[in-house]
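The values are calculated or read from the model by the stated rules, or taken from the named source; none is laboratory data. Keep in mind the model is a prediction, meaning the values are calculated, not measured. Every residue, glycine among them, receives a Cβ derived from its backbone with ideal geometry; neighbour counts consider all protein chains shown.
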Amino acid sequence: MSKIEFQRVTKRFEGGGEALKDVSVVFPEGTMTFLTGHSGAGKSTFLRLLLRIESPTRGQVFVNDVNIVKLPVRRVPAYRQNLGAVFQDHHLLAERSVYDNVALPLKVTGMREQDVARRVRAALSRVGLLEKERLGARALSTGEQQRVGIARAVVNRPKVLLADEPTGNLDPDLSRDIMTLFEQFNQVGTTVIVASHDRELIDAMGFRIVELARGSVIRDDDSRNLDGRKDASV
């Protein structure tokens, strides 16, 4: 599990405004949090900083007490192996099978094929797609493709799972199913941060909500959920 902390983080893009402004927020290890706000609020930039795709203009970002802002470039790939990322556009290889898409992050590390097979099938089982492992990605529905994207994100057994608008292309029922999958991964100890503008859905989930507006945190609501976990009575 991993604790995440932003300390007075500002991100300014050249020729543009500030995507994040003096943001300080802590995500305790093993918790689930929704990051919300209108388009342009800074949600995607927030996640890109955690993925070390971007670096802050000012401030520090700690993951499990490691300052990733100061992480040498050569260590970034190893750092990312502890992260899983899910996006609205899941970027599957359309001509490859479901199995091959999920196996890709493991194969690039040189893992033995028998270990790859075990991990891939475990991940597909978790998202309910084991019986479709040999189908081409193109043959799947939109909801199934997103599930494959989630399986690919968790096949490395990451300590942190990040999702950027993962239900943006899905109907309400499928959206709830996808959010329930994230909840299940959180229940086994994964720290989960989901960026979403679907306020009705995230309010119904009952987890901590951090809201951004114009790059600043304007709401941090964990009143129903003081340690970031859903109340067991819900």
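Given the structure, is R138 part of a loop (DSSP other than H, G, I, E, B), in the same structural domain as L106 (by TED's automatic domain parsing) and in contact (Cβ under 8 Å) with a residue 24 or more places away in the chain?
When the stated conditions are applied, R138 does not pass them.
Can you confirm whether segment 85-104 contains a residue that is modelled with pLDDT of 95 or more, surrounded by fewer than 19 Cβ atoms within 10 Å (Cβ to Cβ) and part of a strand (DSSP E or B)?
Checked segment 85-104: at least one residue is modelled with pLDDT of 95 or more, surrounded by fewer than 19 Cβ atoms within 10 Å (Cβ to Cβ) and part of a strand (DSSP E or B).
Among L226, L170, L174, which is modelled with pLDDT under 90, surrounded by fewer than 18 Cβ atoms within 10 Å (Cβ to Cβ), over 30 Å from V9 (Cβ atoms) and not acidic (D, E)?
The match here is L174.
Could you tell me whether segment 119-133 includes any residue that is under 25 Å from G40 (Cα atoms) and assigned to a helix (DSSP H, G or I)?
The answer is no; no qualifying residue exists.
Please go through segment 179-223 and give me each residue that is of a type in the set (D, E) and closer than 30 Å to R58 by Cβ, ordered by number.
Within segment 179-223, E211, D220, D221, D222 qualify.
Scan G42, G30 and give me the residue that is small (G, A, S), over 17 Å from S216 (Cβ atoms) and surrounded by 17 or more Cβ atoms within 10 Å (Cβ to Cβ).
G30
Select the strands (runs of 3 or more DSSP E) contained entirely in segment 16-67, then report the ones holding at least 3 residues which are acidic (D, E).
Here the list is empty.
If you take the residues of segment 141-155 that are part of a helix (DSSP H, G or I) and polar (S, T, N, Q), which of them is surrounded by the most Cβ atoms within 10 Å (Cβ to Cβ)?
Q146
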